[in-house]
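These notes concern the structure reproduced below.
The values are calculated or read from the model by the stated rules, or taken from the named source; none is laboratory data. As the structure is a computational prediction, the values presented were derived from the model and not from experiment. Backbone-built Cβ (ideal geometry, glycine too); neighbour counts: all protein chains shown. Side chains are part of the model used for accessible areas, which takes the heavy atoms of the whole protein and leaves out ligands, DNA and RNA. Shrake-Rupley method; radii C 1.70, N 1.55, O 1.52, S 1.80 Å.
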Amino acid sequence: MAIDTRLLSGIETLIAVAETGGFTRAAATMGLTPSGVSRAVARLESRLGVRLFDRNARSTTLTEAGHRLVAEVAPLLAGIEEATSSAAGASATVSGRLRVNCDPWFASLLLAPKLRSFLDAHPALTLDLVTRDTLGDLVSEGFDVAIRFGEPLPSGLITRKLLEARIVTCASPAYIARHGRPIHPRDLETGTHECLLFRDPATGRPFDWEFHRQGEILNISVRGRLILNDVATGLAACIAGLGVAQPMTLGIDELLRSGTLIDLFPDWCDEYFPLHVYHPSRHLPPAKVRAFLDFICNDVATVQIKHDGFIGL
């Protein structure tokens, strides 16, 4: 079966522009001129009969058709590259730049303390770790792996659940002294309590408050004047007595044991929040991605057995 090398070249250029975010930057990485990159993309668009990029003076972004094509062909090209490396005996070499999009709380709490062993094991690898609260578009933004809390949204990405963290409803002794301790979750609906609301990055709205106990689920309507999108800031606000919070127990077990935070409803403790790892390559992901996935699944996620309130998968 003959392969049209011009088509492969055009697709390679397409992916380079998508990953770098512009024709000039793609040209620099490929050793071409910007006009050469532009012509290659134009030829590919002409051959496919569809526009792949929306261009203006300030930005170059993938069209819907471009997104779809990149998502489908990028894993295949990565597989070809990996297969040829394997045939040449270099499949065990973990090298180059690995870009990881990671949840900030997980990155600081569990990932960063373990990174030295991973980097020591792969001296030819450079890790570009970006912490933020949204998944975004892994392919067009040039990420190899993402680690995010929450239920996965429909996408073409490969997803694996790493662990589930228990949700706890807590407050500080200072808050309880000022407002009293609620006895039942429905006490939070009376209007006498202030709750700290956490913004869902997927919707932009605060998370709903739920309470789970042996299959029973209560949906509680709470009020609060402080809305946050950062776990560390939310914990600091809760410790300072600003309100009742619903954090994950991941990383706060010592705060609960010491009494810095009080678990208000220990009988309503059956709600869990999942953590997933994502990557775009379905078939034969690059060695650097395989190495990082093994590291996350085997060396980092297994730390959950040392913490109360979250379980590994």
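General remarks:
- Charge tally around residue 145: other residues with Cβ under 10 Å, Lys/Arg +1 each, Asp/Glu -1 each, net +1.
- Residue 54 - accessible surface, heavy atoms, 1.4 Å probe, Å² rounded to 10: 60 Å²
- Accessible-area rank, largest first, for 272, 278: 272, 278, with all protein chains present and a 1.4 angstrom probe.
- Using a cutoff of 8 angstrom between alpha carbon atoms and counting only pairs six or more residues apart, the relative contact order for the chain works out to 23 percent.
- From the coordinates shown, Rg/Rh (Cα atoms, Kirkwood Rh) corresponds to which of (i) 0.98; (ii) 1.07; (iii) 1.18: (ii)
- Around the Cα centre of the chain, unit charges on the Cβ atoms of Lys, Arg, Asp and Glu (plus for the first two, minus for the last two) sum to a dipole of about 860 debye.
- Protein-only accessible surface order, largest first, of 148, 178, 199 at 1.4 Å: 178, 199, 148
- Between residue 244 and 194, 195, 196, the built amide H atoms are under 5 Å apart, and every one of these is 5 or more places off in sequence or on another chain.
- Convex hull volume per residue for the range 167-233, taking Cα atoms only, in Å³: 111 Å³
- Shown are 223, 58, 290, 99, whose ranking by accessible area with a 1.4 Å probe and every protein chain present, most to least, is 58, 223, 290, 99.
- Here residue 59 and residue 183 are evaluated by their C-beta separation; at R0 = 41 Å the FRET efficiency comes out at 0.15.
- Applied to the range 58-64, the Karplus parametrisation 6.51 cos²θ - 1.76 cosθ + 1.60 on θ = phi - 60° returns per-residue 3J(HN,Hα) values of 10, 8, 10, 10, 5, 6, 4 Hz, with x for Gly and Pro.
- Computed over the chain, the per-residue total of -39500 (n - 2.57) for DSSP H runs of n ≥ 4 gives a 222 nm mean residue ellipticity of -9500 deg cm²/dmol, rounded to 500.
- For residue 131 and residue 263, a Förster radius of 35 Å and the Cβ-Cβ distance give a FRET efficiency of 0.80, rounded to the nearest 0.05.
- Solvent exposure of residue 297, expressed as accessible area, is near 20 Å², computed with a probe of 1.4 Å over the protein chains only.
- Over the range 168-270, relative contact order from alpha-carbon pairs under 8 Å, at least 6 apart, %: 44 percent
- Taking every protein chain into account, the 1.4 Å probe leaves residue 210 with about 60 Å² of accessible area, to the nearest ten.
- 17 Å reach of a label modelled at residue 233, 7 Å along Cα-to-Cβ, counting backbone N of the range 173-210: 195-207
- Each of 239, 296, 13 was placed along the dipole of the chain (beta-carbon charges, centred on the mean Cα), and the one lying farthest toward the positive end is 13.
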